[in-house]
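Just so it is clear, none of the values below were taken in a lab; they were calculated from the coordinates. Only a predicted model underlies this, so the values are computations on that prediction, with no experimental measurement involved. Here Cβ is always computed from backbone atoms with ideal geometry, including for glycine, and neighbour counts include all displayed protein chains.
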Amino acid sequence: MKRTTPATLLLLAVLGGGVMWFVETALAASGRAVIIPPVTLGLALLLIGIIIVVMALPVRRVARGVAHARIDPFYATRVLVLAKASSLGGAVLGGGGLGIVGYLVSRSVVGAPVTMSITATVGAILLLVAGLVAEHMCTIPPDDTKRDDGSPDLRGIA
């Protein structure tokens, strides 16, 4: 699996921001209430990011040779896929949060709605960072990938 590129994250963030700006504008133009993300969204995204990094710790220990136990390859794959999905989702949600903040700041809205949107945006950005960290933790060092006979070194993977 390829690593997540900054260009992909930036594209998703811009796309999320543009879509949310459009949605907010359309809702306001039709006389409906605009979307204000709750503070608990930012806290939940932060908690998910912490859980993902904790899940990647055993994979990192085995990949770096610190732990001599075996790890289920399906577990390692699931953690890696979850980390990648978290970084991509964090980019979309962070961009969307910035789109909401931009829309609210461009209007005469101040106070709690802006603070709540900023909290959700920060939570999404922290989820993105946690996803990238966990993705990095699940990589195998390049010098440990081959044994002397040229076959891959699969120690630690059951």
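Below is a table of values for the structure above.
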read-out	value
Dipole of segment 6-141, positive direction: furthest Cα of GLY96, ALA63, GLY123, with charges on the beta-carbon	ALA63
Distant-in-sequence amide H partners of ILE71 (H built 1.01 Å from N, under 5 Å)	ILE157, ALA158
Calculated FRET efficiency for the pair ARG64/ALA44, C-beta based, R₀ 41 Å, to 0.05	0.85
The chain: most fluctuating residue of ILE118, ILE35, ILE52 per GNM, C-alpha cutoff 10 Å	ILE35
Karplus-derived 3J(HN,Hα), 6.51/-1.76/1.60, for each residue of segment 132-137, Hz, glycine and proline x	5, 5, 5, 4, 5, 5
GNM top mover of SER30, SER106, SER86 - the chain, alpha-carbon springs below 10 Å	SER30
Which label in [x] 15.3, 44; [y] 19.8, 70; [z] 26.0, 110 gives the computed Rg and Dmax of the Cα atoms in Å	[y]
Inter-part distance where segment 84-128 and segment 1-70 are each reduced to a Cα centre, Å	11 Å
